[in-house]
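Values quoted throughout were computed directly from the atomic coordinates according to the rules given, and no laboratory measurement underlies them. The structure displayed is predicted, hence computed values, not measured ones. Note: ideal-geometry Cβ built from the backbone for every residue, glycine included; neighbour counts use all protein chains shown.
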Amino acid sequence: MSRPGDPVGLGALDRDGELGESLAGLSRGGFIAAAVAGVGGLGAALAAAAPAAAATDDDIAVLRFLLRLKQMQAVFYTQAERLGAIAGRDLEAARVIGAAERASAQGLARRLRQSASSAPTFDFQGATEDRERFLRTAVALEDLGTAAIQGAVAELQAPLLVVAVAKLHPPEARHAGWMRAVAGVNPAPRALDAPQTRLAVERVVVSTGFVADDPTTETRGRPSFTG
Amino acid sequence: MTQPSRPGDPLAASAGGDAPARRDRGELLVKAAVAGGALAGGAAALVLLPRLAGSAPSPEGDVRGLNLLLEIEELQVAFYEHVLATGAATGGLLEFVRTAAGQDAKHVATLREILGGDARPAPRFDFGQVGEPGWRVAARIEDLAIAAHAAQMPGLSHDALIQTLGMVSVDARHASWVRAVGGVRAPRAGASEGAMDDRELREAITALGVSVGSGG
Amino acid sequence: MRRPAIPRNPLTVTAVLACALLPPVLTAALLARENEPAPAAPAAPAEASRPSIDVPDPVALPQSQPTAVWAPVVRSVAALAAPSSDAARVTTLETTTPEGTSNLVLVLARRRDDTGRLWAQVRLPVLPNGTVAWVPRAALGGNRAVRTRLVVDTAALELTLLRGGTRVLRADIGIGAPDWPTPTGEFYIRNKLTKYRSAFYGPLAFGTSARSTVLTDWPAGGHIGIHGTDRPDLLPGRVSHGCIRMRNADVVRLARLMPIGTPVTIR
């Protein structure tokens, strides 16, 4: 488990080969709570009328929201790749897109410098264990990510962050087009992609049930083993 | 001529009306006297404004950036019309070309509407030297819009960036789609996009065999 | 330059699409809010000068496949002899262990039945040792993968921890005395106990899915543990009631290297 100050990147937490699939962290409710609440205490007092030069509390909340979304995508593809239920072109897509999502998550985590909460536990409820469900879920996650990043760009205030997050958008849209093509559905269903608000995306995420409670694997108490 | 943010912006129209507090960046653009129109020969059709990559957003940046994107979108539309005219595309490629042509035409219309009088006249494109106008060229042309936009991002106002993201996003979908049609095995790797300034775009278009002349 | 009439955001379209493609919606009972502790905040001047997001180059996963996948049991469920609702019941799996931790199972295989329902074949912490059965995937939580394996050699009286096939730890052990043999077979680590006061069990203990075949009326089912000892002078040796005993320093090292869910081969 990472210590305060350690980089949060998924790779840095792969101490034991778990590939960052699960860390102690947020419940489903906390996913929303953290997404909508500002970090608090950042202290970047800025004139309300002027564009923010530094990241505001809201900016940090947006980045944390994006990080959790990226973590979910990253773990989804990592699991799909590892569990062996997909092959061929599907597997190749999971490998390439998964690597990109892991990289995006690392970039966001580094930017947040461990001020972000740790990653939630994810239960994809079979979506990483079955080809058909993998494809459908991948399409949904990439479309959701595309809309979420677009909405985040609109919401951010610090100019550098606006551009930095905007640069995450085209790769996400490429992923969306690719997964749709692999799934056999129209890769570009609309002439213009539309943004979604942070809260709307969080509601969709929570509705999936993918954010799970962390299992309790350690406890205090005298063992009752045979000795 | 400028417009303030409209109350019915996309984020306010979300379910539950829970739009985030969007800071208006002020006036979107002022009319800028954009030099241009008379383009040099060959492939020098792109907006030949002084290179201001990495500079802060400005009205001039918006006009320049949006016109650059407009010309790439017009290139896309013209290319797809050319492909359809040749009758060479069939099956999945034909389906892609038909869809992308219509969607990129929508991008052109939207950009022209945004730019209003600041929109540059559409260039004329000649694809006679392109060779096989197949999926590879289509993929490359879709990539150009993404690369152009990436280079212009720092100079675009927040509003202009928001307005163009949804178009370039669809270009990115197109880029993946047509590669899948072409039988590419895996999606394009990378978590970020390369940017191309106007000179690099011009060179890339020339390399495709496309000739660009001034519009009528 | 004018701004166009921006079309109504098809937000609900996207949300509906996402929901239509995804598993059934969970209830709003899951939306219990909780407060997060405020994380440490960097100073404002440093924040202002922070660089934008620096995304590293994508890196492929290591090629070595996991040695095992495990999942928690999230609802009490009948484990069946075959991936079918009509199959015979092997046992009932509860959601917690006697120690109060989440009940874990190793996932060995998956299969869809004729109705499309996904089943998981799991290794069970029951007697007879080595029992496997099928449970509905929906009764399990998120999958976790591990790349470690623990090999216990009862002849050489040593254990070896492997990661990605490479040895990362080796230690002398004590195993069951002849009257209380340590069972052999395939098992897994299912929990870790710490912060208890017991010199007998050492500083920490791992619970395994292995069960004693002779101490069947032992409290909590006679599970075999891997733990420290207050009698390191007896190691290596056949000295325990079935558990695998380690010197305290060795079990502490093991705890740093071995994740829960690690498969255990006792031979």
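Calculate one ³J(HN,Hα) per residue across the stretch C:229-244 by plugging θ = phi - 60° into the Karplus curve 6.51 cos²θ - 1.76 cosθ + 1.60, and present them in order as whole Hz with x for glycine and proline.
For the stretch C:229-244, the Karplus curve yields 7, 9, 10, x, 5, 7, 9, x, x, 9, 9, 9, 8, x, 5, 9 Hz.
Could you give each residue of the stretch C:70-76 its phi-based ³J(HN,Hα) in whole Hz, using Karplus coefficients 6.51, -1.76, 1.60 with θ = phi - 60°, and x for Gly or Pro?
Karplus-based 3J(HN,Hα) across the stretch C:70-76 equals 10, 8, x, 7, 9, 8, 4 Hz.
For C:SER64, B:SER157, what's the fewest-to-most ordering of other Cβ within 10 Å of each Cβ? Mind showing how you got there, number by number?
Numbers: C:SER64 12, B:SER157 24.
Sorted ascending by nearby Cβ count, the order is C:SER64, B:SER157.
Which of B:ARG136, B:ARG112 comes first, and how do the rest follow, when ranked by fewest Cβ neighbours within 10 Å? Provide the component values of the computation, followed by the final result.
Working: B:ARG136 15, B:ARG112 19.
Arranged by neighbour count, lowest to highest, B:ARG136, B:ARG112 become B:ARG136, B:ARG112.
Could you list which residues have their amide H under 5 Å from that of C:TYR196, counting only those 5 or more apart in sequence or on another chain, with H placed in the peptide plane?
Answer set, sorted by chain and number: A:GLY221.
Can you compute the equivalent ellipsoid semi-axes for the stretch C:160-258, i.e. the square root of 5 times each eigenvalue of the Cα gyration tensor, sorted largest first and rounded to whole Å?
Working: eigenvalues 77, 49, 40 Å².
Each semi-axis is the square root of five times an eigenvalue, giving 20, 16, 14 Å.
Could you list which residues have their amide H under 5 Å from that of C:ARG110, counting only those 5 or more apart in sequence or on another chain, with H placed in the peptide plane?
C:GLN121
Residue by residue, what Karplus-based ³J(HN,Hα) values in Hz, rounded to whole numbers, does the stretch C:163-168 have, using 6.51, -1.76 and 1.60 with θ = phi - 60° and x for Gly and Pro?
Result, ordered by residue: 10, x, x, 9, 5, 10 Hz.
Can you give me the relative contact order of the stretch C:133-217 as a percent, contacts being Cα pairs under 8 Å and 6 or more apart?
On the way: 93 pairs, mean separation 14.9, N = 85.
Computed value for the stretch C:133-217: 18 percent relative contact order.
Taking amide H positions as placed in the peptide plane 1.01 Å from N, state which residues far from A:GLU218 in sequence (5 or more) or on other chains have amide H under 5 Å from it.
C:LYS192
Any number yet on Rg/Rh for the stretch A:104-219, C-alpha, Kirkwood?
1.00
What is the sum of charges around C:THR184, taking Lys and Arg as +1, Asp and Glu as -1, for the other residues whose C-beta is under 14 Å from the C-beta of C:THR184?
Working: positive: C:ARG211, C:ARG238, C:ARG267; negative: C:ASP153, C:GLU186.
Combined, the nearby Lys, Arg, Asp and Glu give +1.
Which whole number gives the average count of other chain Cβ atoms within 10 Å of the Cβ atoms across peptide B:155-161?
On the way: counts 1, 3, 3, 9, 2, 2, 7.
Partner-chain Cβ atoms within 10 Å, mean over residues of B:155-161: 4.
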